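What follows draws every value from the coordinates through simple rules; no lab data is involved. Predicted model only: the values in this text are computed from it and were never measured. Using ideal geometry, Cβ is built from the backbone for each residue, glycine included, and neighbour counts are taken over all protein chains shown.
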Amino acid sequence: MILRFAMAAFLVLHAAIHLSFFMPQWFTAIKTGLPFNMNDSWILATAGLEPGLWEIIGTVLVGVTIAGLVVGAAGLIHLVPVSIGLPALTIGAVASLVTIALFFNTWLFVGGIADAAILAGVAIMRWLPEAMET
């Protein structure tokens, strides 16, 4: 059960980091640049979308990411059924990957690795559900 709580804590922390997209001033205060910036997307610019729409797209994606990861964490510790938690976790991780792709910064590469690990964990839980019964 301790493994479930540790993984749930990791998921909630990963979700909380996405809040940085709403508070980029944190990074200007410590003079590190803006890795979490919804105003810089070469993909959306290439697609011809207006910059005002970028923030709406990013806000929806970040909201879906946070909700999915938190519900997935709740599923791991049996606060919601696994039949809800695993799909939510998948949706949250995919939304995070899309957000990272659209608003890419090299700092966000680590988040992409975390999302890939989440998706791999979901696949393992689907294929070997008894592996999580510890």
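Below is a table of values for the structure above.
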quantity: Fewest-first sequence of Val60, Val80 by Cβ atoms within 10 Å of each Cβ; calculated: Val60, Val80
quantity: Whole-Hz ³J(HN,Hα) from phi, Karplus 6.51 cos²θ - 1.76 cosθ + 1.60, for region 73-87, glycine and proline x; calculated: 5, 4, x, 5, 9, 6, 7, 10, x, 4, 5, 9, x, 5, x
quantity: Ile113 paired with Glu55, simple spin-label distance in nm, labels 7 Å along Cα-to-beta-carbon; calculated: 3.3
quantity: Length gained when the stretch Leu79-Ala123 is fully extended (0.36 nm per residue, less Cα-Cα span); calculated: 13.8 nm
quantity: Table column - 3J(HN,Hα) (Hz), region 12-23, Karplus curve with 6.51, -1.76, 1.60, x for Gly and Pro; calculated: 5, 5, 4, 5, 5, 4, 5, 4, 4, 5, 8, 9
quantity: About the Cα centre, charge dipole magnitude for region 2-132 (Lys/Arg +1, Asp/Glu -1 at Cβ), debye; calculated: 260
quantity: Residues Ser20, Ser41 arranged by fewest to most Cβ contacts within 10 Å; calculated: Ser20, Ser41
quantity: Likely footprinting exposure, Phe5, Phe103, fewest C-beta neighbours within 10 Å first; calculated: Phe5, Phe103
